[in-house]
Amino acid sequence: MYKNVDPKVNFPRQEEEIVQFWEKHQTFQKSLKEREGQPEYVFYDGPPFATGLPHFGHFVPGTIKDIIPRYKTMRGYHVERRFGWDCHGLPVENLIEKNSAWIPKPISSGSAWQNSMKPADPPSCDMSKSGAPP
């Protein structure tokens, strides 16, 4: 009745197979498309790792931030995932200013957005499995 379970499961390989299946069949994108027009559930999530690379302290909040949107999606809500809403900005802004070539320029010299910042470096960690859109 049941399949035998291999006691020597290779979980990393199994995860990669699942990720490849989801990518091949665009499972996440389909889950959003199928729920367009349904009531929205908005979960304001902060930047994934505003103060550095991920560490063990991100485990519990990251799990909660994953479970709630998944649950609401399974209940029929349209739930877009977007990072970057909730953050204690000033400490992060100070770190960016201190550790980058960010130099504010006067607004009078043109568009503030065009003149105020240099392009940011891309994230230094892989977020593809987080549920965040690429």
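What follows is calculated from the coordinates using simple rules that are stated; it is not laboratory data. Everything numeric here is computed off the predicted structure, so don't read it as measured data. Glycine gets a Cβ as well: all are built from the backbone with ideal geometry, and neighbour counts include every protein chain shown.
3J(HN,Hα) couplings calculated from phi for segment 65-72 with the Karplus curve 6.51 cos²θ - 1.76 cosθ + 1.60 (θ = phi - 60°) are, in sequence order, 5, 8, 5, 4, x, 5, 4, 5 Hz; Gly and Pro show x. This ranking places 2, 44, 71 by how few other beta-carbon atoms lie within 10 Å of each, fewest first, which gives 2, 44, 71.
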